[in-house]
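S.K.: Got a structure for you, written out below as structure tokens; questions coming shortly.
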Amino acid sequence: MAEPKVKYDRQLRIWGEQGQAALEKASVCLLNCGPTGSETLKNLVLGGVGSITVVDGSKVEVGDLGNNFMVDESSVGESKAKCVCAFLQELNDAVKAKFIEDCPEELIETNPSFFSQFTLVIATQLVEDSMVKLDRICREGNIILIFARSYGLMGLVRISVKEHTVIESKPDHFLDDLRLNNPWPELTRFTETIDLNTTDAVVHKHTPYIVILVKIAEEWANTHGGNLPSTREEKRQFKDLIKSNMITADEENYKEAMEASYKVFSPRGIGANLQKIIDDSCTEVDSNSSDFWVMVAALKEFIASEGGGETPLEGSIPDMTSSTELYVNLQKTYQAKAEADFLVMEQRVRNLLKKIGRDPASISKANIKSFSKNARKLAVCRYRLIEEEFNSPVQSELQKYLTNEDHGTAAGLYILLRAADRFAVNYNKFPGQFDSEMDEDISRLKTTAVGLLNDLGCNSSALSEDLINEMCRYGASELHVVSAFVGGVASQEVIKLITRQFIPMSGTFIFNGIDNNSQLLLL
């Protein structure tokens, strides 16, 4: 067997050893191992999840051979959970795998404590009533829950957890933490040792743009009452000031300074999202508070005191045109400030832990360091109970989605999937399952959907007749191509939730295979 670092090399570059360790400790339960469930779990097994438990009480039928690649002709008549589990085990023998031949709906009804042993539950192809019951169970047990479902050419993924906190959110685009608009004393002293008016052409064209911007920003502030550029005209003049310091037209460092000048114009202090987090009532910590909220409470204190309105410095600088000596010394200046800020944060965390009666060493140094480095990018995700969404969605949002050109089809599919579940309760079958009853089912589904929308206080005229017909045409089938896509989306969210890296999606994800697009509905 390959060494883990070699085996998981590419993913380690994305979520690191800490993320991989979290994945390998996780215990995941899958309810129903049809194509949607099997595809979801396949991705997690290949990624090295610690253990899986497959729950499905059905037998493999001939029809399964057409949409589930994890069973074959020899599997017909055998336990589906057993066959899928065996196939998944072959993909990665480092993953512990077991199966339970039981109906998920019966397990939810008769043995709710069963789910308490898992880190995360993936519930596929459950109807509305079972979704609501399982959600209550998982909320009470503080277990992460993901619903995934494919239905003809549509798919749904929905996360449900009371609160999910993220330290390493890794946003695609985020302003470098360079403090060009608010340099600390050591950075100012470092820039003061460098003369932008030097006659040495080599030195001039190898001065880092950070130094150029800090010095020119200081020069600007001295002539503008201590203020930095704010209007469009002032920003243009600031760039002209940078350009006026160039000796030759080919000085890349000055071009970089002009391109990065917007970093000087950005507002000082913390962003609105972080402000909302530090203002959260959870920062009033006690012995039951999570490590995350203890560190947020410490961060709040830091920002108000030592930070002077700023978070701990991240301590890294981007690549830039510079002499090696200047770049290394500049890097050391940033790293020294970041280390000093971290030490202050660490002491504040230890003091808070002691104050609330917890072991001051109960939060590791590595975790505090990671928190300090990522303090600007923290995220807190909270999800409504699925029952609340079903019974009382945000009416204005739902009506807006139904009548909106971009969201109309997705919202219509969402309503029709719920209507199909009501239909199944009333008629003991899904709409369109039998060709001979198609016309009658279309009429019944439309009546059911209109009734659902009326219950939710929404205008039913927004539902397309074509969409109703299409939903009946699906006949509750699981198409492999749709299941594979939905399983890919679900497994991606599972990894985000387990590793606590990247921000998981909020709302209900709807895949529309008719138009080949997807939408998030915030209901």
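The values are calculated or read from the model by the stated rules, or taken from the named source; none is laboratory data. For clarity, every value in this text was computed on a predicted model and none was experimentally measured. No Cβ is skipped: glycine too gets one built from the backbone with ideal geometry, and neighbour counts run over all protein chains shown. These accessible areas exclude ligands, DNA and RNA; they are computed on the full protein's heavy atoms, side chains included. Shrake-Rupley method; radii C 1.70, N 1.55, O 1.52, S 1.80 Å.
S.K.: Looking only at the range 453-469, how many residues end up being closer than 21 Å to residue 433 by Cα and open to solvent by less than 40 Å² (accessible area, probe 1.4 Å)?
M.R.: 2
S.K.: Taking into account only those residues within the range 54-96 that are assigned to a loop (DSSP other than H, G, I, E, B) and of a type in the set (Gly, Ala, Ser), which is surrounded by the fewest Cβ atoms within 10 Å (Cβ to Cβ)?
M.R.: Among them, the one singled out is 77.
S.K.: Taking the range 310-330, which residues are within 17 Å of residue 182 (Cα to Cα) and part of a helix (DSSP H, G or I)?
M.R.: At the first step, the residues of the range 310-330 found to be within 17 Å of residue 182 (Cα to Cα) are 310-317, 330.
The answer is 330, and nothing else.
S.K.: Next up: Scan 99, 174, 147 and give me the residue that is at pLDDT below 95 and either within 30 Å of residue 372 (Cα to Cα) or in a strand (DSSP E or B) (or both).
M.R.: 174
S.K.: Considering only residues of the range 290-327 that are buried (at least 17 other Cβ atoms within 10 Å of the Cβ) and β-branched (Val, Ile, Thr), which is nearest to the chain's Cα centre (by Cα)?
M.R.: 296
S.K.: Quick check: anything in the range 427-449 touching a Lys or Arg at 6+ places or on another chain (Cβ under 9 Å), on the phi > 0 side of the Ramachandran plot and crowded, with 22+ Cβ neighbours inside 10 Å?
M.R.: Among the residues of the range 427-449, at least one is touching a Lys or Arg at 6+ places or on another chain (Cβ under 9 Å), on the phi > 0 side of the Ramachandran plot and crowded, with 22+ Cβ neighbours inside 10 Å, which makes the answer yes.
S.K.: Could you say whether any residue in the range 496-506 is without any contact (Cβ under 8 Å) to a residue 24 or more places away in the chain and touching a Gly at 6+ places or on another chain (Cβ under 7 Å)?
M.R.: No; the residues of the range 496-506 include none that is without any contact (Cβ under 8 Å) to a residue 24 or more places away in the chain and touching a Gly at 6+ places or on another chain (Cβ under 7 Å).
S.K.: If residue 28 satisfies all but one of (1) crowded, with 23+ Cβ neighbours inside 10 Å; (2) in a helix (DSSP H, G or I), what's the number of the condition it fails?
M.R.: (2)
S.K.: Also: Can you tell me which residue is farthest from residue 508 (Cα to Cα) among those in the range 162-218 that are of a type in the set (A, V, I, L, M), open to solvent by 10 Å² or more (accessible area, probe 1.4 Å) and under 30 Å from the mean Cα position of the chain (by Cα)?
M.R.: Among those residues, the one meeting the criterion is 175.
Yes/no per residue for (1) in contact with a strand residue (DSSP E or B) (Cβ under 6 Å, 6 or more places away or on another chain); (2) assigned to a loop (DSSP other than H, G, I, E, B); (3) more than 14 Å from residue 348 (Cβ to Cβ):
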| residue | (1), (2), (3) |
| --- | --- |
| 268 | no, yes, yes |
| 274 | no, no, yes |
| 277 | yes, no, yes |
| 285 | no, yes, no |
| 288 | no, yes, yes |
| 292 | yes, no, yes |
| 295 | no, no, no |
| 301 | no, no, no |
| 308 | no, yes, yes |
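S.K.: Please verify whether residue 363 is in a loop (DSSP other than H, G, I, E, B), open to solvent by less than 40 Å² (accessible area, probe 1.4 Å), touching a residue at least 60 places away in the same chain (Cβ under 8 Å) and farther than 30 Å from residue 454 by Cβ, treating the condition exactly as stated. Talk me through it step by step, then tell me what you get.
M.R.: On the way: in a loop (DSSP other than H, G, I, E, B): yes; open to solvent by less than 40 Å² (accessible area, probe 1.4 Å): yes; touching a residue at least 60 places away in the same chain (Cβ under 8 Å): yes; farther than 30 Å from residue 454 by Cβ: yes.
Spelling it out, residue 363 is indeed in a loop (DSSP other than H, G, I, E, B), open to solvent by less than 40 Å² (accessible area, probe 1.4 Å), touching a residue at least 60 places away in the same chain (Cβ under 8 Å) and farther than 30 Å from residue 454 by Cβ.
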